[in-house]
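The structure appears right after this line, and notes come after that.
What follows draws every value from the coordinates through simple rules; no lab data is involved. Remember, it's a predicted structure, so these values are computed and weren't measured experimentally. Cβ sites come from the backbone with ideal geometry, for glycine too, and all protein chains shown count toward neighbours.
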Amino acid sequence: MDIAFWPAKKQAAAIKNKKISALELLDHCLARVEKHDGDINAVVVKDVEGARKRAKEADKALAKGSVWGALHGVPMTIKESFDVVGMPTTWGLPEMKDNFPKQDALSVTRLKQAGVTLYGKSNVPLLLSDWQSFNEVYGTTNNPWDLTRTPGGSSGGSAASLAAGFCGIEAGSDIGASIRNPAHYCGVFGHKPTYGICPPRGQALPGRVSASDISVIGPMARSAADLAIGLDVMAGPDDIEGAGYKLVLPAPKKKSLKDYKVALMLTDRNAEVDKSVQDRLLALADFLRKEGATVDERARPDIDTDEAMAIYVALLRGATSGRQTAEQYKANLALAEKLDPKDQGYAARMLRAVTMPHKDWLAFNERRHQLRLKWAEFFTQYDLLLCPTATTAAFTQNQKGERWERMIPVNGKDQPSTDQLFWAGYTGAFYLPSTMAPIGLTPEGLPVGVQIVGPQYGDRNCIAFAGMIEKGYGGFVAPPAYAA
């Protein structure tokens, strides 16, 4: 396999053992971008001069016996929404095309300290608010597995960059499956950490320093081992919190698949899952049983999924409501007041959420915390929950109308694309970690991933389980058109 597709851990080892230099590996990835990215449009910002300088410094340091960290010399792109000195941060907004931050995001600083050669930024949807990655600043990113299909969003450029062999490791953010969904669509690994363990400073709109509700940042990669490395680098309190506490994530206690007792969830009335995705999950379940694992297809936390969806949409849209201008808020409030109380469609729920009084938000938040206890109780009986990341494999690009108006075919019927939010929020609204691992292809040849959900702070266990699947069942496969 081309070294561009090697896991970051293996790339770093090759540099450390002087089988290839950091500069040579960077130039190899840049050559792949030059050759292939015209069709994909994943890497939308580059600092080639700065990256080559950095790679040369990495090689000089190594020649003197100094290794910067676990990712020494590994070429990296990062989601456009992360602040990086020397590159613009726009979130897809044309009015921010000249926004050049004066300081790196904290996670970028940590990744650089771990040794990466950060050379570019990967594309996002406008305001990180879509499962397609397109905007007026940088255009549309396509899926390396099928250029007519979405790579996902909002970390779509990140997943496409990894899948196409443009970088060794990536990082994204996730409030609505924005790490998990693109990893699923592009056949790579992604980890949505437990809420709050990876400080997001510098991954925000200008002037904002408070952490958003639900939203997290986390690593994306081509192997589970790389996710573990990325999490080690990105996790841990910011300076102000670090003065009083430190993060200690429990190490995985299970040594093999036969030690696990897992629940399997294939579909839900809130977001019916296509048979092509369910079949891959069932095939994984068969493998796990043959390995001696206990797989229970009926076990669930004592939580009504309709209520979980309602809570998530309210809190999600509440978390993003601050993006409204005064004029937008006034207009949305007028629309919300005219809604039929019986209307529980996504658009109606969204309008209520972005205009709800704080008293109402407090009620949703209280119920969220009550259900967190239900999840904690569930995980005393089961190690993990396995479920879909989305209702289908990558769908054909469709940028017309609002997201809730766009339909995707699921089992021969049209489904609003926003129904997929259920698989983001069923666990994500309750602070739980999730690892996305590739588990095969649909009959159309599109990647499918499994969402591996664990208890709060069970991040390492989720990633370890993904690694066991990768080793025994299968993991990342390069898209055929870009494998050479």
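Values computed for the structure shown
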item: Cα-based Rg of the stretch 358-484 normalised by 2.2 N^0.38 Å, two decimals; result: 1.26
item: Kirkwood Rh in Å, taken over all unlike Cα pairs in the stretch 157-234; result: 12.6
item: When the convex hull of its Cα atoms is projected in every direction, mean area for the stretch 248-313 (nm²); result: 6.4
item: Alpha carbon centroid spacing (whole Å) that separates the stretch 346-420 from the stretch 199-276; result: 18
item: Pairwise Cα inverse-distance average, inverted: Kirkwood Rh of the stretch 190-243 (Å); result: 12.0
item: Percent RCO, i.e. relative contact order, over the chain, from Cα pairs under 8 Å lying at least 6 residues apart; result: 17
item: DSSP-loop trypsin sites (Lys or Arg not before Pro) across the stretch 90-129, with at most 16 other Cβ within 10 angstrom; result: 97, 102
item: Among 78-90, 260-272, 165-177, the order from most to least packed when residues are scored by Cβ within 10 Å on average; result: 165-177, 78-90, 260-272
item: Rg in Å to one decimal, and Dmax rounded to a whole Å, for the stretch 268-344 via C-alpha atoms; result: 19.9, 59
item: The stretch 305-372 pair-distance distribution - Cα-Cα, 5 Å bins, rounded %; result: 3, 17, 28, 27, 16, 6, 2, 0
item: Value at 222 nm in deg cm²/dmol, rounded to 500, when DSSP H runs of n ≥ 4 in the chain each add -39,500 (n - 2.57); result: -11500 deg cm²/dmol
item: In Hz, Karplus ³J(HN,Hα) per residue of the stretch 154-170 (6.51, -1.76, 1.60; θ = phi - 60°; x = Gly, Pro); result: 8, 8, x, x, 4, 5, 5, 4, 5, 5, 8, x, 8, 7, x, 7, 9
item: Charge context of residue 407, other residues only, Cβ under 11 angstrom, K/R +1, D/E -1; result: +1
item: Protection-proxy order for peptides 369-381, 472-484, each taking the mean of Cβ atoms within 10 Å per residue, highest first; result: 472-484, 369-381
item: Mean Cβ count within 10 Å, highest first, over the residues of peptides 23-36, 322-335; result: 23-36, 322-335
